[in-house]
Amino acid sequence: MYDELLKRPIIPVIVIDREEDAEPLAEALLAGGLDIIEVTFRTPAAAGAIKRVHRAFPEMLLGAGTLLSAEMAERAIEAGVSFGLAPGLNPKVASYFQSCGGLFVPGVMTPSEIEQGLELGCRLQKFFPAGEAGGPAMLKALAGPYASQGVRFCPTGGVNLTNMRSYLELPIVASIGGSWLATRQQIADGEWAAITRQAKEAMALARR
Ligand code: 3PG
């Protein structure tokens with residue numbers, strides 16, 4: 001799963017209010033070249049949406065976000081995800097994922113958290129909230145001591161079409177995540193063509 005994640009430069013961060021929007025959303029992202037999705041556990045529809053994507057689009061790399069407890073991790077795994085993310089580093093979530101053979105990407109923003117993540121075997125870490133935590137300059141500084149430790153980052157929080165290249169150009173950055181690719185409002189309004197267009201725009205920039 002780690003290698004599969006490293007092949008994807010962009011992770012759309014999804015907040016979904018109606019689980020029946022899951023299939024058209026996944027279809028729109030796939031049409032835009034994104035075969036990965038992070039469905040955040042911020043709404044009651046999250047687990048149902050994950051189940052629907054798992055059933056209808058097995059080709060989609062399916063993850064859950066905002067996993068704040070082992071109980072949430074369990075629900076995410078049950079729904080069918082193969083990876084999970086969180087804004088923070090909860091060892092219980094990490095060990096639950098690892099016991100199920102899933103990959104957990106903990107949220108970090110300091111050297112000590114990076115080291116705790118490495119201790120837990122998490123080589124891919126979410127740098128969150130990336131903009132507020134110092135952006136590309138901070139990641140460049142963190143690469144000094146930590147690049148040789150094999151850790152890679154997925155910055156999210158304030159990442160968008162305008163600044164994504166400045167993150168992706170750093171070797172320590174594996175991918176970026178963002179909610180702008182398919183906003184909560186766009187999903188609620190069924191703006192599938194706009195979501196496909198945004199995904200295409202971002203993928204074109206990522207590949208440059
Ligand atoms: C996340 O959980 O990764 C963030 O909410 C995404 O941040 P963004 O909305 O600034 O893209």
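Computed from the coordinates by the stated procedures, all read-outs in this text should not be read as laboratory data. Not measured: the values here are computed from a predicted model. Note that each Cβ is placed from the backbone with ideal geometry, even for glycine, and that neighbours are counted across all protein chains shown.
Just a few scattered comments:
- Within the stretch 153-172, the residues that satisfy the criterion of being within 16 Å of the ligand (Cβ to nearest atom) and either under 17 Å from T110 (Cβ atoms) or of a type in the set (K, R) (or both) are F153, C154, P155, T156, G157, R165.
- Within the stretch 103-121, restricting attention to residues that are within 16 Å of the ligand (Cβ to nearest atom) and part of a loop (DSSP other than H, G, I, E, B), the residue that is surrounded by the most Cβ atoms within 10 Å (Cβ to Cβ) is P106.
- Residues of the stretch 176-197 that are touching a Ser or Thr at 6+ places or on another chain (Cβ under 9 Å), in a helix (DSSP H, G or I) and surrounded by 17 or more Cβ atoms within 10 Å (Cβ to Cβ): I195 alone.
- Failed item in (1) more than 16 Å from the ligand (Cβ to nearest atom); (2) over 21 Å from M203 (Cα atoms), with K7 passing the rest: (2)
- Out of A143, A206, sole residue that is over 26 Å from R42 (Cα atoms), free of Cβ contacts under 8 Å to residues at least 40 places away in the same chain and part of a helix (DSSP H, G or I): A143
This table checks each residue for (1) in a helix (DSSP H, G or I); (2) on the phi > 0 side of the Ramachandran plot; (3) within 16 Å of the ligand (Cβ to nearest atom); (4) crowded, with 24+ Cβ neighbours inside 10 Å.
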| site | (1), (2), (3), (4) |
| --- | --- |
| L29 | yes, no, yes, yes |
| L34 | no, no, yes, yes |
| I37 | no, no, yes, yes |
| H54 | yes, no, no, no |
| A64 | no, no, yes, yes |
| L68 | no, no, yes, no |
| A76 | yes, no, yes, yes |
| V81 | no, no, yes, yes |
